[in-house]
1. If I require 18 Å or longer along the helix axis, counting alpha carbons, and a Kyte-Doolittle average no lower than -1.0, what helices from the chain are left? Use full DSSP H segments.
2. Near Y369, within a Cβ-to-Cβ distance under 12 Å, what is the net charge of the other residues, with Lys and Arg +1 and Asp and Glu -1?
3. Using alpha-carbon pairs under 8 Å, 6+ residues apart, how would you state the relative contact order of segment 223-374 in percent?
4. Relative to the Cα centre, what is the charge dipole magnitude of segment 411-463, using +1 at the beta carbon of each Lys and Arg, -1 at the beta carbon of each Asp and Glu, and rounding to the nearest 20 debye?
5. Over segment 194-311, what relative contact order in percent results from Cα pairs under 8 Å that are six or more residues apart?
6. Round to a whole number: what % of the accessible area of the chain belongs to carbon and sulfur, probe 1.4 Å?
7. At 1.4 Å probe size, with every protein chain present, just tell me what the per residue accessible area of segment 261-314 comes to in Å².
8. In terms of modelled amide H atoms, which long-range or inter-chain residues lie less than 5 Å from the amide H of A302?
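The values are calculated or read from the model by the stated rules, or taken from the named source; none is laboratory data. These figures come from a predicted structure and were not determined experimentally. Heads up, the Cβs are rebuilt from the backbone with ideal geometry, glycines too, and the neighbour counts pull from every protein chain shown. All accessible areas refer to the heavy atoms of the entire protein, side chains included, with ligands and DNA or RNA removed. Shrake-Rupley method; radii C 1.70, N 1.55, O 1.52, S 1.80 Å.
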Amino acid sequence: MTDPGTRSSAAELLIRLDRDVATPLRVQLEQALRDQIRAGVLAADAPMPSSRVLAADLGVSRRLVVEAYEQLVAEGYLTSAERSATRVGSVAPTAGTAVGDEPWIPRYDLRPGLPALSEFPRAAWLRALSHALRQAPDSAFARPEPRGSAVLRHAVADYLRRTRAVVAHPDRIVICNGFTQALSLLTHALPGPGGRPVIALENPGTPGRDRTITLAGGNWMPVPVDSEGIRTDQIPGDAHAAVVTPAHQFPLGAVLSPHRRAALRDWARDGRLVVEDDYDAEFRYDRQPLGAVQGLAPEHVAYVGTMSKTLSPALRLGWLVLPCALVEPVARAKRAQDVGSPVLDQLALAHFMDSGAYERHLRRIRKHYHRNRDELVAALQRHLPDARVTGIAAGIHLVLRPSGDVDADRLVAAAAERGLALTSLTRYLLGDDRDAGGRVVLGYGNIRSGTIEPAVRTLAELV
């Protein structure tokens, strides 16, 4: 392990000393360091550069730096110990200078959308990264291909053909940084009057889709959802595309019925596009999942998949399987946005998939989520027997409608005060009608082992 004092000798600080003013340089240095420590720029216990290094960087004598350090040690801004680096002291930052609040870590986490973060396959992913570094050709370190690594596109195509019945060819795949970027790229690529395509969105649905479309220059319209999925009969006739979650509607948990799948296919064949968000189709517990809608009309469906639910949203890796006519427009949009996704991560994911590690992880984590769901449903039946659980046995969330007249938003706020995190259906509603009907969305992906029972007991006390 590197000695902290040795490590600090190379640290650099952005400090400007003005030699044209009457204030002594030592006083300027002291004040600059005080300001940075108060502002939190220099964090508590961070090692300072050695007096010799800082003197050389600032073009002053070492004695000047030593005296400044001694003054700040006396004031408590710095700490010093024999045979150890000088370090930043514990000083409360000035009000209003913090970049942001620390994230809230609830005692019981029933928020939807997160997979089991503690179950990320660290060892297998490290092996995949190591393999990618060892085997990557020199060309892999050049500017990335906007469509993504050919190695990953082949791995994704093979996986989707086998598991989701997607008509997938590597040449029709564009690698992206998750669903949000996929939707942004499609909005940029779609034609529309004045370059502003109109995109229909499930209501309720994943939050942020409306803002993504607006920022990309499009317009959006909400379309209601019921127990059979999106109301295909209410998709506006002037919409150019519709974003749907047919395998497991988010957040209501419905599966798109067969006659609506057919209606959606027919709607798209009239010169429109279906954007299929297949966000958690790998997790179905009561039966085999249905194949993707994309297989019914590959020239009219843009299929989107990501690693956010199966591995981790931190990876920021996903893919679009596109109709032929959209491959180049989407690739151009990708090039304009960020040139391309990180190549080494793509190569690591390709090896992770090709080696079988990904599907081994899916089999293991699928059992984990199935157990969590069964435990959550059983606890709800014990403590809230009159409440109604809706949504199929799939994914990593369910919807709960407590009995009686319950204000879902107030329930969520009261739960937070007890250390219980859950989400009102209101968060996922679009437009003016934002009545959650007392419903809350409960996620069971990231809740810690052994906390489901006390979490539900707390919820029941609040209801």
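1. Helices meeting the criterion: 25-38, 62-75, 122-135, 150-164, 324-338.
2. Residues near Y369 contribute +3 overall.
3. About 16 percent, as a whole number.
4. The dipole of segment 411-463 has a size of about 200 debye.
5. Averaging sequence separation for qualifying contacts and normalising by length gives 22 percent for segment 194-311.
6. Summing carbon and sulfur atoms, their accessible area is 50 percent of the total for the chain.
7. Dividing the accessible area of segment 261-314 by its residue count gives 35 Å².
8. Here the answer is V274, V275, E276, since their amide H atoms fall under 5 Å of that of A302.
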